[in-house]
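Each remark here refers to the structure printed beneath this line.
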């Protein structure tokens, strides 16, 4: 069947428009990165219905994910579920204790998922507490942080052999003055830039009284990924006052425009993940609110 040139061009234009809109919907402004989410956001939902949770993530517009709190399934099963939802796993979180205990097993598992980054999500102690010890979690010393840096360098060298970059993700204690030093700055100084990168959790940094834009400005080549989350902060929020309530992006106190403006200048951010640690609304609606915020953010 023959069609006219006008019909052909009309169909082609429509196809390009559809592709452009679909592609644009999958990217997060203003960095032009794929729209990503930390799967810790849907940890409970994944335990109940993995395929359903991942389908909802995809339906909200996310195309990239960072693994955490996955159901106890094989890497092959998780990879198949991600493929069914058209999601690409580019990074994975693990606490220091797990990395220290079963490093090779974790690297093999994550490599099967297809990740490019393995991120340590919490620090460890040079001398762990004895098994069964009571008294709660003790504070880390500067020597503990130096030990973490040593371990990160060693782990980063090993993951590089598998084509994976090793990194560290912060919470708030990295910014608490410890023995006259700031642990986060110690980690930046003591880790080898060729072996260790950093995933800056902007929300927790702000809760700790730190400006993530300044960190990126002062260390432009050390930060390669961002976590994006919002909090309802008290007007008198101070570094020692961590009374913050998680909420959806755009519903809290944090203005991400200066953060992303600096990220754009840095030109070193490869991924930005929404992380919704708790929901202020129905979870599927929450995923959409966060996705829409990221897509509509202007600087």
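Ordered by the count of other Cβ atoms within 10 Å of each Cβ, fewest first, 139, 129, 224 give 139, 129, 224.
Size descriptors for the range 76-168: radius of gyration and Dmax over Cα atoms are 15.3, 45 Å. The residue 138 and residue 86 beta-carbon pair, evaluated with R₀ = 45 Å, returns a calculated FRET efficiency of approximately 0.55. With only Cα atoms counted, the range 211-299 has Rg and Dmax values of 13.7, 39 Å.
Ordering 279, 152, 117 from the fewest to the most neighbouring beta carbons within 10 Å gives 279, 117, 152. Pairwise Cα separations in the chain fall into 5 Å bins from 0 onward with the following percentages, short to long: 1, 5, 11, 15, 17, 17, 14, 10, 5, 2, 2, 1, 1, 1, 0, 0, 0.
Reported to the nearest whole Å, the Cα centre-to-centre distance from the range 261-288 to the range 144-207 is 21.
Here the spin labels are modelled as points 7 Å beyond Cα on the Cα-Cβ line, and at residue 160 and residue 27 they lie 3.1 nm apart.
Rounded to the nearest 5, what % of DSSP beta bridges with both residues in the chain are antiparallel?
Antiparallel bridges: around 20 percent, rounded to the nearest 5.
Take 283, 204 and order them by how many other Cβ atoms sit within 10 Å, fewest up front. Spell out each step's value before the answer.
Details: 283 16, 204 24.
With the fewest neighbours first, 283, 204 line up as 283, 204.
Geometric descriptor of the range 64-122, per residue, is 72 Å³ (volume of the convex hull of the Cα atoms). The length gained by stretching the chain between residue 296 and residue 214 to full extension, at 0.36 nm per residue less their Cα-Cα distance, is 27.2 nm.
Axis of helix 103-113 versus longest Cα principal axis of the chain: the two differ by about 10°, to the nearest ten degrees. Per-residue extension of 0.36 nm, minus the Cα-Cα distance of residue 171 and residue 100, leaves a gain of 23.6 nm for this segment.
Over the chain, with a Gaussian network built from C-alpha contacts below 10 Å, which listed residue (110, 243, 201) shows the highest mean-square fluctuation? Per the Cα network of the chain with a 10 Å cutoff, 243 tops the list.
With kT/(6 pi eta Rh) evaluated at 25 °C and eta = 0.890 mPa s, and Rh the Kirkwood radius from Cα pairs, the range 165-228 diffuses with a coefficient of 208 µm²/s according to Stokes-Einstein.
Add -39500 (n - 2.57) for each DSSP H run of 4 or more in the chain, then divide by its residues: what number comes out at 222 nm, to the nearest 500 deg cm²/dmol? Rounded to the nearest 500, it is -13000 deg cm²/dmol. The shape of the range 161-282 can be summarised by an equivalent ellipsoid whose semi-axes, obtained from the alpha carbon gyration tensor, come to 24, 18, 13 Å from longest to shortest.
The range 215-237 and the range 50-119 have their alpha-carbon centroids 24 Å apart.
Taken together, the values in this text are just the output of simple stated rules run on the coordinates, not laboratory data. These numbers come from a predicted model, not from an experiment. Cβ sites come from the backbone with ideal geometry, for glycine too, and all protein chains shown count toward neighbours.
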